[in-house]
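Notes follow the structure.
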Amino acid sequence: MDALLHDSITFIIMGASGDLTKRKLIPSIYALLHHKKIKSFAIIGAALTDTTAEEILEKAAGFIPDKKPEIWQQLVDSFSYHKADFYRDSDYQNLHEQIIAIEKEKGLAGNRIFYFATMPEHFAPITNKLAIHGMAKRNGHKQTPWTRVVYEKPFGNNFQSAQAINEQIARVFHEEQVFRIIHYLGKEIVGNIALIRFTNLFFQPLWNNQYIESVEIGINEKIGIEGRGEYYDRNGILKDVVQNHLLQMLALVAMEPPEKLIGESIRDEKAKVLKKTKVESVLLGQYEGYKEENCVNPVSKTATFAALKLSIDNDRWRGVPFFLKTGKSLPKKEAAIHIKFRQSTCLLTENCPVDSNYLTISIEPDEGFFLEINAKKPGLNYAITPVTMNFCHKSLFGPNTTEAYEALLTDVIRGDQSVFVRADEIEHAWKIIGNIDNSSVPYPYAPGSQGPQELQVWSDKMKIRWRS
Ligand code: BG6
């Protein structure tokens with residue numbers, strides 16, 4: 001269990017009435033409390049919605065299994081909600097007065113985390129207003145009390161808007177105060193990718209186009225859009241998952257060795273490889289019934305499924321396709337990276353292996369690294385069978401890996417930016433997505449199916465046999 005991280009924190013959630021607050025932020029702050037990582041704190045929620053602290057907490061409670069009453073009570077006592085229009089100066093003045101009063105009442109030192117859980121078009125204006133009203137100050141790394149700002153994905157809506165937000169942030173804050181969240185980077189196994197790649201020498205000579213035939217990265221979801229129609233219909237799968245989670249995993253798999261295994265060097269290399277990445281082909285789908293979801297345009301062309309082939313134009317990866325696939329309303333939840341190695345020349349006189357080796361990095365449901373190799377079937381003859389060498393995270397380290405948002409908030413409190421995304425990475429990722437033509441109607445697919453029927457033809461053409 002981690003020691004107490006910081007004894008005095010004010011969390012200010014801008015956009016507190018939304019989905020993220022109830023699903024992830026409040027449950028994560030609960031987990032921080034439960035794991036004794038925080039002690040004296042306040043959570044100040046602000047949004048335009050007519051709601052109450054009780055209503056927000058009641059919704060959040062459903063996302064905290066096995067709630068302990070005494071811990072929950074601490075959270076209830078520390079949470080307050082303030083209705084605020086983020087475009088009205090007087091509301092900022094009121095909010096600021098509330099923050100000061102609450103910090104005084106609770107004896108908090110004024111270390112503030114502003115969490116932007118709003119639509120991205122509000123990022124720049126709110127950032128600006130926080131500065132104008134003196135609520136969030138530019139400060140250096142060692143200065144206290146500190147202010148940190150956390151921006152939730154999607155960061156902008158395209159390359160231009162992301163760039164404009166980054167420019168506004170830079171006018172107000174030092175980059176070391178800025179935490180851009182792509183929560184897959186907070187997952188334990190994703191955090192293992194660079195470490196395992198670069199601390200095990202045998203991977204080094206193999207990790208290139210000479211030995212790797214293709215890479216598949218996917219996030220399949222069983223759930224649909226879960227009442228998030230307004231947000232989802234504006235973004236769709238490309239902006240909701242591909243631009244961030246999938247491209248970040250691609251960058252971790254494909255980047256060159258960083259100078260050191262530390263955040264800044266890793267971010268340098270991720271940015272470089274994203275700059276060289278290009279979309280070659282795309283297939284988009286939409287689950288049947290999507291257009292009837294709440295707050296979705298009845299003639300919407302928003303995709304809820306995407307399969308993509310990408311290429312990376314550098315010496316290491318030239319000629320190796322990177323396949324990405326993700327969708328809502330698929331048969332089951334699964335997130336994994338499959339590295340397919342080239343097939344070795346068969347020296348057997350018969351029964352040659354039908355497939356090559358795979359390294360699967362499984363994020364969900366099983367967390368771990370699984371290397372599929374060919375072995376001999378017991379018996380006298382050389383008969384081959386694929387077997388798996390496992391690093392099963394749960395079996396080795398127990399079932400409770402820290403949930404991504406708890407891990408990310410822990411890092412924000414520590415001031416550690418390693419798994420947060422830098423401005424240039426985000427901008428390169430937008431450029432990759434920006435080149436996709438998504439003007440045509442996506443192919444329909446039945447909820448619970450593997451995606452549109454057209455996927456089969458597309459996959460045959462692209463020469464991909466999906467593993468997930
Ligand atoms: C979020 C997306 O970033 O990631 C959601 O907005 C998606 O639409 C979610 O469901 C998937 O994350 P996880 O951790 O549940 O796989």
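Conditions (1) surrounded by 12 or more Cβ atoms within 10 Å (Cβ to Cβ); (2) of a type in the set (Val, Ile, Thr), marked per residue:
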residue	(1), (2)
Val320	yes, yes
Lys325	yes, no
Glu350	no, no
Asn357	yes, no
### Task
Have a look at Glu105, Glu121 and point out the one that is without any contact (Cβ under 8 Å) to a residue 24 or more places away in the chain and either surrounded by fewer than 18 Cβ atoms within 10 Å (Cβ to Cβ) or small (Gly, Ala, Ser) (or both).
Glu105
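When you go through Ala164, Ala194 one by one, which is the residue that is under 18 Å from Ile363 (Cα atoms) and over 15 Å from the mean Cα position of the chain (by Cα)?
Every option except Ala194 fails the conditions.
In the stretch 223-233, which residue that is within 10 Å of the ligand (Cβ to nearest atom) and open to solvent by 20 Å² or more (accessible area, probe 1.4 Å) is nearest to Tyr184 (Cα to Cα)? Spell out the reasoning first.
The first filter runs over the stretch 223-233 and keeps only residues within 10 Å of the ligand (Cβ to nearest atom), leaving 223-226, 228, 231-232.
Still in the list and also open to solvent by 20 Å² or more (accessible area, probe 1.4 Å): 223, 226, 228, 231.
Working: Ile223: 17, Glu226: 19, Arg228: 20, Tyr231: 19 Å.
The qualifying residue nearest to Tyr184 (Cα to Cα) is Ile223.
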### Query
Lys272 is checked against (1) open to solvent by 20 Å² or more (accessible area, probe 1.4 Å); (2) within 25 Å of Gly327 (Cα to Cα) and fails just one. What number does that condition carry?
(2)
### Message
For the stretch 352-370, check the following and say yes or no: at least one residue is in contact with an Asp or Glu (Cβ under 8 Å, 6 or more places away or on another chain), among the hydrophobic types (A, V, I, L, M, F, W, C) and under 27 Å from Gln243 (Cα atoms).
### Response
yes
### Task
Can you tell me which residue among Ser449, Ser440, Ser418 is outside the structural domain of Ala335 (by TED's automatic domain parsing), touching a residue at least 40 places away in the same chain (Cβ under 8 Å) and open to solvent by 10 Å² or more (accessible area, probe 1.4 Å)?
Ser418
### Query
Given Gln204, Gln210, Gln163, which one is open to solvent by 40 Å² or more (accessible area, probe 1.4 Å), under 24 Å from Ser344 (Cα atoms) and assigned to a helix (DSSP H, G or I)?
Gln204
### Task
Report yes if Tyr184 is outside any strand (DSSP E or B) and either open to solvent by 50 Å² or more (accessible area, probe 1.4 Å) or within 16 Å of the ligand (Cβ to nearest atom) (or both), otherwise no.
yes
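Give the residue that is farthest from Thr52 (Cα to Cα), with candidates limited to residues of the stretch 79-92 that are hydroxyl-bearing (Ser, Thr, Tyr) and within 28 Å of the chain's Cα centre (by Cα).
Filtering the stretch 79-92 for residues that are hydroxyl-bearing (Ser, Thr, Tyr) and within 28 Å of the chain's Cα centre (by Cα), the one farthest from Thr52 (Cα to Cα) comes out as Ser80.
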## Note on the structure
Of those in the stretch 304-354 that are more than 19 Å from Ile212 (Cα to Cα) and modelled with pLDDT under 95, the residue nearest to the ligand (Cβ to nearest atom) is Cys352
### Summary
Within the stretch 376-415, the residues that are within 25 Å of Asp355 (Cβ to Cβ), open to solvent by less than 80 Å² (accessible area, probe 1.4 Å) and among the aliphatic types (A, V, I, L, M) are Ala383, Ile384, Val387
### Positions within the stretch 33-56 being part of a helix (DSSP H, G or I) and in contact with a helix residue (DSSP H, G or I) (Cβ under 6 Å, 6 or more places away or on another chain), in sequence order
Leu33, His34
### Message
Any residue in the stretch 221-242 that is assigned to a loop (DSSP other than H, G, I, E, B) sitting within a Cβ distance under 7 Å of a residue that is of a type in the set (S, T, N, Q)? List the pairs, counting only those 6 or more apart or interchain.
### Response
Gly224/Ser329; Gly227/Asn294
### Residue identified as without any contact (Cβ under 8 Å) to a residue 60 or more places away in the chain and under 18 Å from Gln450 (Cα atoms) among Pro353, Pro365, Pro298, Pro331
Pro365
### Query
For the stretch 144-160, how many residues meet the condition of being within 18 Å of Asn111 (Cβ to Cβ), in contact with a Lys or Arg (Cβ under 9 Å, 6 or more places away or on another chain) and either of a type outside the set (Val, Ile, Thr) or surrounded by fewer than 17 Cβ atoms within 10 Å (Cβ to Cβ) (or both)?
3
### Query
Is one or more of the residues making up the stretch 190-200 assigned by TED's automatic domain parsing to the domain that holds Ser329 and within 11 Å of the ligand (Cβ to nearest atom)?
yes
### Task
Residues that are under 30 Å from Val273 (Cα atoms) and of a type in the set (Ser, Thr, Tyr): find the helices (runs of 4 or more DSSP H) completely inside the stretch 354-468 holding 1 or more of those.
404-414, 454-462
### Query
Taking the stated definitions as given, is Ser329 assigned to a loop (DSSP other than H, G, I, E, B) and surrounded by 24 or more Cβ atoms within 10 Å (Cβ to Cβ)?
yes
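The values are calculated or read from the model by the stated rules, or taken from the named source; none is laboratory data. All values derive from a computational prediction rather than experimental measurement. Heads up, the Cβs are rebuilt from the backbone with ideal geometry, glycines too, and the neighbour counts pull from every protein chain shown. These accessible areas exclude ligands, DNA and RNA; they are computed on the full protein's heavy atoms, side chains included. Shrake-Rupley method; radii C 1.70, N 1.55, O 1.52, S 1.80 Å.
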